[in-house]
Structures are given as C-alpha cells and as structure tokens.
Amino acid sequence: MTAALWIVGFVAVAAAAAYAMAPGWLWAAAAGVFVLGIAAATGLPPLATVLLLVALGLAAAALNFTPLRRRLISNRLLAAFRAIAPPMSQTESEALNAGTVWWDGELFSGRPDWAKLLAFPRPALTAEEQAFLDGECEELCAMSNDWEQTHHNYDMPPEAWQFIKDKGFLGMIIPKRYGGKEFSAYAHSQVVMKLSSRCSAAAVTVMVPNSLGPAELLLHYGTDEQKNHYLPRLAQGLEIPAFALTNPHAGSDAAAIPDRGVVCKGTWQGKEIVGMRVSWDKRYITLGPVATLLGLAFRLYDPEHLLGPVDDLGITCALVPTDTPGVNIGRRHMPLNAVFQNGPNWGKDVFMPLDWIIGGPKMAGSGWRMLMESLAAGRSISLPSSNVGMSKLAARATGAYARVRVQFKTPIGKFDGIEEPLTRIGANLYMMDAARVMTAGAVDLGEKPSVLSAIVKYHVTERARRNVNDAMDVIGGKGICLGPSNFLGRAYQQVPVSITVEGANILTRSMIIFGQGAIRCHPYVLKEMEAAREPDRGKASVQFDRALFGHVRFMLSNAVRTFVMGITGSHWVRAPANVAPGTRRYYQQLTRFSSAFAFLADVSMLVIGGALKRREKLSARLGDILSLMYLCSATLKRFEDEGRQAADAPLMHWAIWDAMFSAQNAFEGVIANFPSKPVRWMLARCIFPLGRPYVVPSDRLGHEVAALLIEPSTTRDRLTSGMYLPHDEQDPVGCLEVALVAAIRAEGIEVRIRAAQKAGEIAGATPEALARTALDRGIISSGEHAELVRAQALRERVIRVDDFPQDFGLSEFVKQPALRKAAA
C-alpha cells in the first residue's frame, strides 16, 4: 500500500473517529497503525519508526492519562483562561444561571434527539379549565368592546372589572388552597389568547397578574406569612397587583436601576425597628394606576451593616401597599391608544419594614434572580399567547374579507398578489401557535426556559407584526378608517407594544438569545466558566479538564459531521421512525443545521472571543439560527400531535421551508461577515460544500396555503381554534363569518348568471337587475335569488367603513361630563 493510500486511510479513520466522538485511546491506536503503515510504505529506518512511536506514545499518554493531562495541559490553560476572562458581576451570573435548559440544549448539541421531542406530552386542558374557557372567558369577551373602550370610555366598563375579580381571572396561577384556580400554564395561555383575539385591555389586565407580578414571586419565594396573607386576596381580586421595575434611566438595562433603598432604623407603627428607606421612580407600570399592591424592585444598601458585612446587598424585591404614606401613584400613559391601565409611580425616602421584602430579610439582594426566573416562565406565556390571539383574529377575519370583497368580478383572495400575504399570515400563524403550545407545555413540565422564552417572545411578536401588516395590506381602506366596524385598526396600532415590553426585540435578538444561549445551552461552555470560578484548585482542575477536552471532542465531531452531512445532503442522517410522510427530510436537515450551528458557534467564540458580545449583528444571526430550529421543531411536533392532518400539511410545509431558508440566510450572514478571511473560507466550504440546500417556498405551495384561509374548513378552524368568535351579525367579525358562507353559496349562482349574460339570454345594467332578470327567466330559483340578495347585503356591510360628524363628536363629548371624566 502506498503512502498516499495510508494518508487517505488515516484521514478517513480520523474523520470517522471525530464524527463518532471516539475516545482518545482509539485515536492513539489509529495513529500508531498509521505510523507503522507509513514506515513500511516509505522504507523508514527502524530507529526512526521507533522514535516516532515513542513520541506518539508520549503524546497519547499526555492526552489520555488524565492526571498527567491536567498537570501538563489543562491547569496551564485554566490559568490562562482565568487571566483573560472578564470578571462576571453578580447580576450577570444570576441571569446566566436563571431558568432551565430544555429542547434548546438538544439543538445546541448538534445531535437533537427527535424521539425525545415527539415523546413530550401534548398539553391538554382539564374539564374545569375547558369549562372556564367556554364559560367565563367567553362571557368576558362578549362584554368587551374594543372600540367603545379605546374611543369613548378609555377603560373597561366597571362590570367587566368586577367580573374579572369575581370570577378569579386574577388568580389563575394561584393554588386552590389559597383560593385560586391553579390552572396549568397551557390553560393560562389559552385564556390570554382568547381574550387577545377580542380586546387588548381585557387580555393585558388578566395577563399581567398571572405572569410577572407579585403572585408569581410570592409563590416561589414568599414566606408562609406573606403567602397566607396576600395570595387569597389576590385570588379574590381584593388586591390589584402591579410590578414596578422600569426606571426612566434603566429600561433594557434593567439591572442598572438607580432606585435604591438603605437599611436603617426608623419608627414603624409607634416602634423603632430595623427597616429600609426606599426611593424610586418608575414608569410603564401596567396596572400601576389602579394597583393596591406594588411589587417594587430596587437596589438595597446596608452602609451601617445592620444585616451583615456587605454594603451593596443587590437588587431586592418588596411588596408595598400603595396606600403606604409616601407612595405616589401617577397619572396614566396611553400606549398607542391601548387603554389597559399603565402609568408611573414614585416614592421618596419611604420607610418600610424588612418583612416587606419578598421572602423576608434573608432574600435581600436576591431580587435579580427572582426576576430572571419568573420572567422566564411569564415571558414564555404572556406575549406569545396575546400575539397568537391577535394573529388568529387577523387570519380568520382577513381570510373571510378576502373572499367576500370582490374586485374585477373576482374575490380578491384569488389574486396572486393577495395570496402572497395570505400565505404568510396562515403559515406564520401555524408556526407561532405551535411554538406557543410547545413552550407552555414545557412550563407545565416544570421547566423555566430562559432562552426559549426569549425566542418565542421575539419571534412570535415579530411574526404577529408581519401578520397584522399583511392583513392591513389585504383589507386596504377598510383597515385605515377607524371605527366600530374596523376589526383590525387597534391591533395595528398596538402591535409595537408587544415588540417593546418584556425585553425590547432588538435587545432580545442581538444580545439575549445567543448571548445567553451560547453559555446556558452549550454542553461545555458554562462548565468551563464555572470551573474557572471554582476557588478549590483541585476541584477546578478536575472540572476544567473534563469540560475542556469534552469541548474539544464536541467541536471536532461537529466540524466533521457538518462537512459530511453537507456533501451527502444529510440523506444518511437517522430520522425518527414512523414520522409523517414528507417530513423525514426536515428532521435530517434540522440535524445537519444543528451540527453546523454548534460548530459555527464554537468557531465564533474561539476566534472572536469576548468581542463577540459586542458584535451584536453576528450574535443576532447566530440567535436566529437557534430560534428558527426551535420554531421548526415545534411545527413538526404540532403536525404529529394533531394527528398528521393531511389538509393542514401545506401550512406545515410552507412554514418549515420558509424558516429553513431564513436559517440558511442567517448562516450565510455570519459567514460573510466573519472577521477572519481564512476562517470565513473554511466555514463556507464546511457548512455549504455543495451550495445552498433551500430556496424560497414555491408559489404552488403558497397558493394551497392561501386557499385554506378563504373558505370554511376544519383546517381553518384548527388554525384559529381558541379565538373568540362572536355570533352576532352586528359585530364586524360575526358579520364576516356569515358573509363568508353567504358569498361562497352565491358564487355558483353568480357564475350561472354571468354565463347567461354572456350567451345573450339576459341583460341588465347592475348585478341586481341581472339577478332579477335571471329569476324572471327561470335561470335561478327564488331561493337562489334570496341567497344573492342576502350575500350582497352582507357584502355591503362588510366593506362599509365608519364615518363621523365634522368634529368627530367632540361637541357631544364636551356636553357629557361622564365622558370627560373617563378621558381624564
């Protein structure tokens, strides 16, 4: 055998060993065989061969004999790592360690276990939860009128407020032993979604107390005394909670809040106690203007060391009744004409007991960890649910409108130009809802998915924004004229609110998803960092060595696997057994993308290092890849969980194809902007050796998706399941529902009339005249004529837009003190 063949053979064996993450001794054995083979093929002198084998043995011993490896390699690298690693603040450490890693860890592994994904139980409602959705939730939707609330009353009606309190909407997450509903995260999500398809004020009023608020924090961190006192009152609506975090000078950088408290002695209820004097200035606080109980975040200091030797205790969370002297509840903000209660509050040197700290004095300084962990659960549910609800309204109502609205004698939904936005609306909604359900299910499984909550927050709200914009393009003039018959205008106005709150989307995409995911979800990076911070040198050496060499094997394996799957098109990758026909390739390609992503992330961290934190565009694109793989995973799981509905397949295929194409673009965005040209060249050849595997979804597939939105079907019902559907024809959405059915029934009749007109059998100047003549000539029956008249009347109501007096009713407003008082 020639030397060249030995080299090729060794490369192949080494690649196979790397692919399989083979142990070090196998690498050493392969290298030894290679040396002997080369020696025989080239006639290498025996002494030289022996020397090579000895050198190889020494290297193998240094790499495979763990105590020796630690002493010669790992400990030195650990010292260097400690020297160059930037210090980590307490808040950074708490943020990184908050929450749990779930399916995101599988996607970061390069080898996602698809059987594990498909085995996760599908979330389901209990009989009690379903009854609440069908009863109380429907009733609250029925008494909510978005136009009346946003244009006239600037609030929900008093009866709606009382209904929310009386029926336990504010205590959905509170256990039954405290008088709450103890609903699952999935039920919580379903309630918020349904309310959001009807009225933003009702949805937000219910959503906030059940996500990031005093109840959530009390449940996890409160003392028994705090729980026993506050949780029953919150569950019964006797307390209205709000959580005050955002300061005018600390929005996205919430950890830098300048609000401060000082531990000191003071008089409380006639006695001198050790308490704290707190000053704060908060804004954007939802429910703040009507709150009776304020969850307050501030940084607590102990300059007199009354609690211990530490001066700066850190961010602390306390429960402050709003009737406490010195607490100032300000006026209201108006977030883009949304009328959920929102406004500023502040206090100056307000003295309060240490017992007001959530969890008691021992939890002083633990507020940031509380917030990070609670935000992970709440953010997984609240904004994804509300934006899916809004998108379901947009999809169902806009699809109906596109069938009812006729131009050029054709329903506009059948034009190619209209099909394009309808396709995006339908397929995006299918994927958004899949991600919402799967993430809520993770919370019900006990997870606190910090990275996944950021993913669904960002991508669901961004897709909702796109859906609403697309819907506005479809309905045109109907959408831009506000009034009681406009079903989409307020959603269009208010969609930026979700983009902004609970971590602004730009921040979430560019700094959080990958910035946190690269450390939390990576199988070795966090372990390496923890080893570097371990004060015990022996433990640190063992931990760092294990993590470092595991990381090396991991990176080599993903490098080889990425290239091999690239040149084979991932056709040989194992896919889960018995998946739906037509989806096997998606699992294979997602495995390929997972391996490529893990490799690209490692190369980015290795080459760019700490500067990657400041290369936010690169970080954002890396986060996009992780996010899109998660959305595809959720979409595939949904298709399986719902019984592989063949009629729904176009929605699934378009959504995944589009997401994979976008992930491919994100890969290219990272590679094309990589700072090192040689590394850029290597990455391109390794990840896409044969070019791009994905193109945009086909127009044929898009046509199939759009067609599902413009006619009644079980697919359309599944796509928009859980939204509120009014049965009143006077309601704009209720009118669209009956108008759609009437329009479809009338289409066949209209075809026959046009055919008769074309044949010269009838004539008429207007559609009404043609229909009357067709009736007189016996071309259509009296029943069919009645259907035409009914369909035309409904069409007129659907396309009608609202108009107002010259002064938009201002003179009437001035005459009615009640309206002026409500506006004030």
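The table that follows gives values for the structure above.
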{"read-out": "Nitroxide proxy distance, nm - points 7 Å out along Cα→Cβ at A124 and D312", "value": "5.2 nm"}
{"read-out": "Probe 1.4 Å, protein heavy atoms only - accessible area per residue of the range 477-596 in square angstrom", "value": "41 Å²"}
{"read-out": "Values of log10 I(q)/I(0), in the order q = 0.09 Å⁻¹, for the range 523-654 under a Debye, Cα-only, solvent-free model", "value": "-0.39"}
{"read-out": "Gyration tensor (alpha-carbon) shape descriptor, the range 175-249, a/c threshold 1.5", "value": "oblate"}
{"read-out": "For T286, net neighbour charge (Lys/Arg +1, Asp/Glu -1) across residues whose Cβ lies under 12 Å away", "value": "+2"}
{"read-out": "In the range 587-695, the trypsin sites (Lys or Arg not before Pro) that fall in loop regions by DSSP, at most 13 other Cβ within 10 Å", "value": "R614"}
{"read-out": "Accessible area (Å², 1.4 Å probe, nearest 10) - W114", "value": "10 Å²"}
{"read-out": "Charge context of L383, other residues only, Cβ under 9 angstrom, K/R +1, D/E -1", "value": "+1"}
{"read-out": "Carbon/sulfur fraction of accessible area - the range 207-284, other protein chains in place, 1.4 Å, %", "value": "46 percent"}
{"read-out": "22 Å Cα-Cα threshold exceeded, pairs from K194/K282; K116/K617; K457/K637; K414/K637", "value": "K194/K282; K116/K617; K414/K637"}
{"read-out": "Anisotropy class of the range 248-293 from Cα gyration tensor, a/c 1.5 cut", "value": "oblate"}
{"read-out": "At most 11 other Cβ within 10 Å, DSSP loop - trypsin sites (Lys or Arg not before Pro), the range 319-352", "value": "R331"}
{"read-out": "Pairwise Cα inverse-distance average, inverted: Kirkwood Rh of the range 564-642 (Å)", "value": "14.1 Å"}
{"read-out": "Which of H229, H333 is most accessible, then next, and so on - probe 1.4 Å", "value": "H229, H333"}
{"read-out": "MRE, 222 nm, helices only [DSSP H, n ≥ 4, -39500 (n - 2.57), over the chain, to nearest 500]", "value": "-18500 deg cm²/dmol"}
{"read-out": "Separation in nanometres of the label points that stand 7 Å from Cα toward Cβ, at R585 and H571", "value": "1.1 nm"}
{"read-out": "FRET efficiency, A786 to D113 (Cβ-Cβ, R0 56 Å, nearest 0.05)", "value": "0.40"}
{"read-out": "Potential lengthening between T714 and F408 on full extension [0.36 nm per residue; Cα-Cα distance subtracted]", "value": "107.2 nm"}
{"read-out": "Rounded Å value of the spacing that divides the Cα centres of the range 321-341 and the range 720-774", "value": "49 Å"}
{"read-out": "Ellipsoid equivalent to the range 158-199 - semi-axes via the Cα gyration tensor, in Å", "value": "18, 16, 4"}
{"read-out": "D_trans [Stokes-Einstein, Kirkwood Rh over alpha-carbon pairs] for the range 197-328, 4 °C, 1.567 mPa s, µm² s⁻¹", "value": "81 µm²/s"}
{"read-out": "Rh by Kirkwood over Cα pairs, then Stokes-Einstein D for the chain at 1.306 mPa s and 10 °C, µm²/s", "value": "53 µm²/s"}
{"read-out": "Linear extension gain, E148 paired with A61, 0.36 nm per residue minus alpha-carbon span", "value": "23.5 nm"}
{"read-out": "Residues I506 and E761, FRET efficiency given R0 of 56 Å [Cβ-Cβ distance, rounded to 0.05]", "value": "0.35"}
{"read-out": "Simple label model, 7 Å out from Cα along Cβ direction - D166 to T324, nm", "value": "3.3 nm"}
{"read-out": "Anisotropy class of the range 458-503 from Cα gyration tensor, a/c 1.5 cut", "value": "oblate"}
{"read-out": "Pairs of alpha carbons in the range 394-518 whose separation is greater than 24 Å (percent)", "value": "39 percent"}
{"read-out": "The range 622-719 - percent of accessible surface contributed by carbon and sulfur, probe 1.4 Å", "value": "59 percent"}
{"read-out": "Accessible area expressed per residue, the range 181-272, with surrounding protein chains retained (probe 1.4 Å, Å²)", "value": "36 Å²"}
{"read-out": "Range of Cα positions in the range 692-824 per principal axis (Å), largest first", "value": "64, 58, 28"}
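The values are calculated or read from the model by the stated rules, or taken from the named source; none is laboratory data. The structure presented is a predicted model; accordingly, all values stated were derived computationally and were not measured. Cβ coordinates were reconstructed from backbone atoms using ideal geometry, including for glycine residues, and neighbour counts include every protein chain displayed. Please note that ligands, DNA and RNA were not included when accessible areas were found on the heavy atoms of the full protein model with its side chains. Shrake-Rupley method; radii C 1.70, N 1.55, O 1.52, S 1.80 Å.
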